[in-house]
Amino acid sequence: MKKQPPSQEKTDTDDMLPEYDFSKGVRGKHYRAMEKGYTVRIHNEDGTTTVQYFVPSRSTIVLDADVLEHYPDSKSVNRQLRACISEKRVRSTARRGPTKRLAPARSK
């Protein structure tokens, strides 16, 4: 078996094949288009084409890569957001101070 030149040998950390070149790639190139939705055409064996339209729901949120490292799933994101919301409510209540109660109106 012929040994590959050092430039083409795979290293332990490099799992990308050398023929894949992403040096001219643009991050987020299709992001805006994806927000609007997309169409998938499936060409069936019988010659017909099935068309499916996908539109992200209003609740779809895309996390940046650095955030995704800390929150790998929707459960962890929701847990943290609920904690922030709860903390915000506690802080806003503390700033307002205690609520004054009015004395009941006297009847004549």
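Assorted remarks:
- Scan of segment 49-90 for residues that are among the small types (Gly, Ala, Ser) and either surrounded by 10 or more Cβ atoms within 10 Å (Cβ to Cβ) or modelled with pLDDT of 90 or more (or both), ordered by number: Ser74, Ser76, Ala83, Ser86
- Residue satisfying all of: in segment 41-76; of a type in the set (Ser, Thr, Tyr) and over 9 Å from the mean Cα position of the chain (by Cα); farthest from Gly28 (Cα to Cα) among these: Thr48
- Filter pass, Arg41 being without any contact (Cβ under 8 Å) to a residue 12 or more places away in the chain, among the charged types (D, E, K, R) and surrounded by 10 or more Cβ atoms within 10 Å (Cβ to Cβ): no
The values are calculated or read from the model by the stated rules, or taken from the named source; none is laboratory data. Note that the structure is predicted; figures quoted are calculated from it, not measured. As a convention, Cβ positions derive from the backbone with ideal geometry for all residues, glycine included, and neighbour counts pool all protein chains shown.
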